[in-house]
Structures are given as C-alpha cells and as structure tokens.
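A short write-up of the structure that comes next.
The values are calculated or read from the model by the stated rules, or taken from the named source; none is laboratory data. Since the model is a prediction, treat every value here as computed from it, not as a measurement. All Cβ positions, even for glycine, are placed from backbone atoms using ideal geometry, and neighbour counts span all protein chains on display.
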C-alpha cells in the first residue's frame, strides 16, 4: 500500500489518479474530502497519522501549506503543518518500517539565492546552492527537508527530497506579472527556467519511490529541462530573447507573434535538473518547445493537467 498525503491537491490527485490507473493500491489522505481522498484528517494529529500509515510500505508526502498561504495563515500554522506534520509522518514511517519516503519540497527554499544583484549573471541553481529562505514557507520547507535527512541518518529511513518548481495552473501571485503577460504566455516563458508540468512531476515522484532504497537520502531539483547552458547566465540578464533564439530550434517566435505573446526581456535564475535526470533516470517530457507547440493548438497543459484543472489555494478559485 502506498500512502499519498495531500491527495485533494494538484500533485496529490495526479499521483493517486496515475497510480490507481496503473493498478496500484493507494491510500489518499487530506484535510479535504475528494474522490482521491480515502481518509480525511490532519497530519498534525499523530493518532490520525498512525492510522493513515498503518499497512503502508511507501509514502509520498505532498501535503503542505503553500507560498500563497503566507497571506492567509499564521506562521504557527506553517510550523504545525509543514514541520510538525512532516515529523509525525517520518516517525510513523520509521515505526512502520516503511521502505521509501518521498518528500515534496520546493525550489522556493532557495529564497534570496534566486536574486542576483543588478548587473550580475542569472543565478544558476543546482542542489549545491545553499538555500536562503525569505519567508515562513521557505523556512518550514527547509526544516522539513532537514527532518527527512535526520530520519535517514539516525533511523535509516530511505528518504528522497524533491524540490519541485512551479506546476500549479492558478494565475501568478505577482500582480505585476499578471498585468504584463497573458497567463499562458507567462507560464510558457517559465518553462525555459522555472516551471514543470504536473505529469512530469508525477513521474519524478514515482522514480524517487523506486530508487529511494538504493540512494538512501538525496535532494533533487525537479523542473522542466532548460535549453540554456551555464555559460548563458550573463546574457540572460541582458537579452533573454537573443539567448532563446540561439538555443531553441523550434519556431517559437512565429507562434508567439501569432498569439500576441512576448518573451521575457531578462531572466534572473535558471533551475538545473541534471542531477535528477542522471541519478533517477528521469526523462521529463514537457519543455519549452513542446509547450509552445501545444500553445499553437490552443492549450499549453498536458492531458493530466487538464483533467485535474484549477483547484485554488483557499477552497475557491484563486
């Protein structure tokens, strides 16, 4: 039995759907009732967590308070859910002798490391970059990652941390970005450097479950494969469209012109997924070129992303 926390959320639903369609036994838990949720409750409740973990041999922990919740939830709420809830799950996993624990983290943990000073090259983000959290969301996710590492080191729990980039379909939380670009335009641009399709997010988690016992503990950046090279970092801050022209063979410019879209004039950070591809054998299917091709047909989302749709962050459309 495989346990998925946060089963009513985007990733949780995608995982439960995919696993069940492949014939796997899955137990979904969430605070919200949904077709992919079997047990309703909170991971802050140790007794509920013990009941949820009973009989499970693998866990994907995707439940979390997200960055947009910073505006609506207290710092204590973040500590309770993201830290205490993760600790409850890890301790229950150890007691149950679970064979693989995969924790869904976020590239937001990098925080201020994502903001190079004016005139400096774009930040090139690998797993070797030290996180510098800039809000309670980032702080609690880093702390939860450290709890995962501790559980592996002290109790030998096989535990992999996946730092996922953006895969949510909701409009951007930055009002300036929403005003400057059409939503699909903004998201397509982000596939160059900081976005992920939920279908690829699911495949990364399944591979992490498969390889956790062999690897033991590791952190991985999970994002669409960038067409950029590290040596492009300086040019990306000065003239991103010129770098895209040089690195992307697809006819993106023609499609952008037809849709009335714009390329970002500058890019300040790039997430590099090389380690995940190398060590997990992960092969993400969705990148900037494939998303542009879908945009030409009217919808940038994968089939799985379309099936899940928009959920919002506060029990309503965002």
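Out of all the residues in segment 178-192, is one or more more than 18 Å from residue 219 (Cβ to Cβ), within 17 Å of the chain's Cα centre (by Cα) and not in a helix (DSSP H, G or I)? Checking segment 178-192: at least one residue is more than 18 Å from residue 219 (Cβ to Cβ), within 17 Å of the chain's Cα centre (by Cα) and not in a helix (DSSP H, G or I). Only one of the listed residues (23, 55) is in a loop (DSSP other than H, G, I, E, B), surrounded by fewer than 16 Cβ atoms within 10 Å (Cβ to Cβ) and in contact (Cβ under 8 Å) with a residue 40 or more places away in the chain. That residue is 55. Filtered by the rule that a residue be in a loop (DSSP other than H, G, I, E, B) and over 25 Å from the mean Cα position of the chain (by Cα), segment 228-261 gives 239, 249, 250, 251, 260, 261. Do we have any residue at all in segment 68-79 that's out of contact with any strand residue (DSSP E or B) (no Cβ under 8 Å at 6 or more places or on another chain), crowded, with 21+ Cβ neighbours inside 10 Å and closer than 14 Å to residue 163 by Cα? For segment 68-79, residues out of contact with any strand residue (DSSP E or B) (no Cβ under 8 Å at 6 or more places or on another chain), crowded, with 21+ Cβ neighbours inside 10 Å and closer than 14 Å to residue 163 by Cα: absent. The number of residues in segment 28-42 being touching a strand residue (DSSP E or B) at 6+ places or on another chain (Cβ under 6 Å) and over 25 Å from residue 169 (Cα atoms) comes to 1. Looking across segment 263-299, the residues that are under 18 Å from the mean Cα position of the chain (by Cα), in a loop (DSSP other than H, G, I, E, B) and over 24 Å from residue 114 (Cα atoms) come down to 281, 282, 283, 285.
Kindly indicate the residue of segment 155-177 that is modelled with pLDDT under 95 and assigned to a helix (DSSP H, G or I) and also surrounded by the most Cβ atoms within 10 Å (Cβ to Cβ) among those meeting that condition. Checking each candidate, the answer is 177. Checked against the criterion of being at pLDDT below 95 and closer than 24 Å to residue 248 by Cα, the candidates 186, 192, 114, 125 yield just one match: 114.
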